[in-house]
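A.B. asks: A single structure is presented below for examination.
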Amino acid sequence: MAGDGAYDYRRFSLAERDRRWKAVRALMARDGIDVIVAPPNNGNSTDWQADARYLSHCGGGADASIGCVFPIGDEPTVVATSAVRWGPRVQDWVSDVRDVNRHYGRAIAERLRELKVDGKRIGICGLAGGTRTPEGTIWHGTYEEIVTAVPNSEIVNATDLLQEVRCVKSEEEIAVLQDSVDLVERAVDAEVEWAAKPGVRDYEVWAAAMYAMFSRGSELSVHFNWIADNPPGRTLTRPQQKLLKDGDVIVNELESSVIGYRAQQVRPVAVRTCDPLYVDLMEFHGEIYARLLEYMKPGITLASVMSQTEQLAQQLCPSSGPLAGGGAKFAAHGRGLGDDAPLATNEEAVKRFGGWQFPEDGVFIIKPSVHAGNGVSLLWGDTCRITPKGAVRMGHGPHGIIVAR
């Protein structure tokens, strides 16, 4: 709890702070890293500065750029524009919050000189290799300021180190993600209500879903993909202006944000009527999904889950009718302060993460797709927690396509 005079924001506890800092510093000691720099970059729905927020509890809002200097044996420093926004009335984790007037690299360099770490090993988050950022996320000017300040230091990538800690969630983190799931389900309810109305436009349904989350406390920024069509095809980055027609299928990736933690669901909605093919596809999907969750126990590799998905599809796909010749493809990624590892959405990502093992108390959006023999496909997904008995859904809505009537 924050002290008197604090703004009314939800916060993680100091015990949660201490747990994170202890875990990160243990890995820093293991890897010989004296200080970690988590630079600002609020791109991709603030995913790209998740490490800075994870370490500092500063951040929140679509345009909040903050960076963090995190030493192994000294107090961390936050660099921000308008530092009052991240001071003691907003968070109680970090006391050294510096107003840098957008000169983040210069301020980070100044702090490194104060710490006298030239010649020591420095880790930079986002130097390379994030889930969706193979080329890194640090700005060139920020990087140049750092290397100029510590010319004798070894600069190493700290992206994987932070992911190693972030991928296993504490009970506080899981509770926040559960609240995010609950907000998403209210968005689905609103989507269904509005999709049933005659003469409604695509963006009106989208706006109703967004309002359902933000009017109940979700932060910006959140990721969403959305498509309304028949067949739906690939999701797009925004809704259309079109009037929805009977039989259109809305496929979406809905997220809400609670202290930056974003659960996700993918639950297709048919507008007023539904092609029986989609009902059959979702029944096929549901059979695969239930068995897949049972299989996903701690220590299972991503490659084995992907293989299991294909095998289950071969076993369960009908040998006759419209689904004959169909199959399934696994898709998933971590949930938390953005996209945690692993990423299973394309072949390059699979090569990078194939040997990655799902940890106990990891939280992931698990959203395989299924397709019929004619190529028509559909996906469905929920945020799930990995337990010794398998993956457990955090959502409560029933599996299947929803028909808005």
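A.B. asks: Sticking with the crude label model, points 7 Å out along Cα→Cβ, report the distance from Ser319 to Ser170 in nm, one decimal please.
C.D. replies: Rounded to a tenth, the inter-label distance reads 5.4 nm.
A.B. asks: A follow-up question, please. By DSSP, what percent of the beta bridges with both residues in region 14-166 are antiparallel, rounded to the nearest 5?
C.D. replies: Once the DSSP bridges in region 14-166 are tallied, antiparallel ones form about 40 percent.
A.B. asks: Okay, moving on. To the nearest 0.05, what FRET efficiency results for Arg216 and Asn101 with a Förster distance of 25 Å applied to their C-beta separation?
C.D. replies: 0.10
A.B. asks: Here's a follow-up. Taking 0.36 nm per residue of sequence separation and subtracting the Cα-Cα distance, how much length would be gained by fully extending the chain between Thr235 and Trp139, in nm to one decimal?
C.D. replies: Full extension from Thr235 to Trp139 adds 31.6 nm.
A.B. asks: Once the Cα gyration tensor of region 14-166 is diagonalised, what are the square roots of 5 times its eigenvalues, in whole Å and ordered largest first, as equivalent ellipsoid semi-axes?
C.D. replies: 20, 17, 17
A.B. asks: Ranked from highest to lowest mean number of other Cβ atoms within 10 Å per residue, what is the order of the peptides 233-242, 62-71?
C.D. replies: Answer by packing, highest mean first, reads 62-71, 233-242.
A.B. asks: Between Tyr295 and Glu193, what is the label-point separation in nm under the 7 Å Cα-to-beta-carbon projection?
C.D. replies: Going from the Glu193 label point to the Tyr295 one covers 3.9 nm.
A.B. asks: Same structure, new question: DSSP beta bridges in the chain, what fraction antiparallel, as a percent rounded to 5?
C.D. replies: 75
A.B. asks: D for the chain, whole µm²/s, Stokes-Einstein with Kirkwood Rh over alpha-carbon pairs at 25 °C and 0.890 mPa s: what number?
C.D. replies: 110
A.B. asks: Something else now. Tell me the chymotrypsin sites (Phe, Trp or Tyr not before Pro) within region 1-63 that lie in a loop according to DSSP and have at most 14 other beta-carbon atoms within 10 Å.
C.D. replies: Loop-located and lightly packed - Tyr7, Tyr9.
A.B. asks: Also, I was wondering about something else. Between region 322-346 and region 144-199, how many Å separate their Cα centres?
C.D. replies: Here the answer is 17 Å between Cα centres.
A.B. asks: Hey, how many Å between the Cα centroid of region 230-275 and the Cα centroid of region 41-106?
C.D. replies: Going from one Cα centre to the other spans 33 Å.
Where a number appears in this text, it was derived from the coordinates with a stated rule and is not lab data. Worth saying up front: this structure is predicted, and the values here are computed from it rather than measured. Ideal geometry is used to build each Cβ from the backbone, glycine not excepted, and the neighbour counts take in all protein chains shown.
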